Amino acid sequence: MRKLLNTQSTYEAVSRKKIVFIIALFVFMLAIALIAISAGSSGISFIDVIKTLLGMGTKKSEIVVFDIRLPRIYTAMLVGGILAMAGAVMQSILRNQLASASTLGVSQGAAFGATVAIIVFGAGTQNSTAAANAVSINNPYIVTMCAFIGGSISAGAVLLLSRIKRIGPEALVLSGVALSAMFSGGTTLLQYFADDVQVAAVVFWTFGDLGRTNLREIIILLFVFVIVFVYFMFNRWNYNALNSGHHTAKSLGVNVEFVILCSMIIASLASAAAVALVGIISFIGLVAPHLLRIFIGNDYRYLLPASAVAGAVLLLLADTLARVIVSPVILPIGAITSFIGGPMFLYLLFKGESKHD
């Protein structure tokens, strides 16, 4: 009896530590968000940001904080959270630690869709040959819609292969890599027949930009985030069961095929929506879940909310670096996430391999 009580108290203590860790990570995210608001070339200090948020700022600081910086912060937190949660769920249901929106071809499918919109439908335009922003997207809605359709087609193709051929998780990720290559080839082929302005517009879109969203698109991202979070948390016990194997999950009463299908659809569509609105953001969905498993393990009751916060933190840090490294120039956010996420993922990968040796 005493041993049982000790086991229960230990379990409760570990659970409390995980909850405290998530709360601390959330507070850290808010601190990074405040720092991110003050970072950049506007000359607004951290104290000015606090005063502005409290309603005591100048007209200039209000414009910078509320019209320019806060929309970027909201977008970074929502997109980072969506991609990280989607990556965590994909890794569970496919039982492959390399699964994410990028490795399954969702990002490349979205890029191909955006390329079709820009080149075929003429959504790219030239503003001024001398300006820094000489090329822009003159019809962002058709670009976003085509990018979403492209990402959804890629996800649907992977799902179709998994349902028809009953291929394993390793082959499923490899099929995503093959689809990525096909979409990349299609994008390159379209660029070959495009003019200079259209090619520049495609490159501009694929760079990724958290500053291109407006209030309506932020609300869409919030809506997607809430749906994804609620659905995934509702199935948290199912994901824990799936981590023990499909046969074990079935013996515990989990409708494995239904859970995998619905979760894959929601994760893929959510990732496609995020990428369609901001461009290609690499490694967030891959690195954030791996990083959090070191601290809180593989229990999806805690891994899902922690991954959402960690994804937001990673994207906030990347965006802040993009704005301060060569200020006032804003570097492509997709390149920054790749530089941060690539080495981090290699470290986590080799660290995991060394544990198995």
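Side notes on the structure shown:
- Residues Val106, Val49, sorted so that the one with the fewest Cβ neighbours within 10 Å comes first: Val49, Val106
- In the chain, the DSSP-assigned H stretches of four residues or longer account for a calculated mean residue ellipticity at 222 nm of -24500 deg cm²/dmol, using -39500 (n - 2.57) per stretch and the full residue count as denominator.
- If you wrap region 67-108 in the convex hull of its Cα atoms and look at it from every side, the mean projected area works out to 3.3 nm².
- Over all pairs of different C-alpha atoms, region 183-256 has a mean inverse distance whose reciprocal, the Kirkwood radius, equals 16.5 Å.
- Semi-axis lengths, largest first, of the ellipsoid equivalent to the chain are 35, 28, 16 Å, with √(5λ) applied to each eigenvalue of the Cα gyration tensor.
- Most fluctuating residue given options Leu159, Leu304, Leu346, as computed from a GNM of the chain linking Cα atoms under 10 Å: Leu346
- Those residues of region 264-284 whose amide nitrogen sits under 20 Å from the label point placed on Arg163, 7 Å along Cα→Cβ: 264-273
- Under the criterion of Cα pairs below 8 Å and six or more residues apart, the relative contact order for the chain equals 29 percent.
- Taking only the C-alpha atoms of region 45-130, the Rg (one decimal) and the largest Cα-Cα distance, Dmax (whole number), read 19.8, 52 Å.
- Taking the average, over residues, of other Cβ atoms within 10 Å as the packing measure, peptides 282-288, 221-227, 53-59 rank 282-288, 221-227, 53-59 from highest down.
- Residue ranges 172-178, 144-150, 201-207, 338-344 sort as 144-150, 201-207, 172-178, 338-344 when ordered by packing (mean number of other C-beta atoms within 10 Å per residue, highest first).
- For the chain, complete DSSP H runs whose alpha carbons reach 30 Å or more along their own long axis and whose mean Kyte-Doolittle score is 0.5 or higher are 2-38, 70-93, 140-164, 169-192, 256-278, 300-324, 333-356.
- Lys, Arg +1 and Asp, Glu -1 on Cβ, resulting dipole of the chain about Cα centre, debye, nearest 20: 1140 debye
- Extension reserve of the Lys59-Leu30 stretch, reckoned as 0.36 nm per residue once the Cα distance is removed: 8.0 nm
- Just checking the listed ones, Ser271, Ser154, Ser45: in the Gaussian network model of the chain with Cα springs under 10 Å, the one fluctuating most is Ser45.
- Stretching Tyr141 away from Thr188 to a fully extended chain increases their span by 14.7 nm, per 0.36 nm per residue minus the current alpha-carbon distance.
- Both radii are taken from the alpha-carbon atoms of region 223-341; with Rh as the Kirkwood radius, Rg/Rh is 1.05.
Values in this text are rule-based calculations from the coordinates and carry no lab data. None of the values given here were measured: they were computed from a predicted structure. Here Cβ is always computed from backbone atoms with ideal geometry, including for glycine, and neighbour counts include all displayed protein chains.
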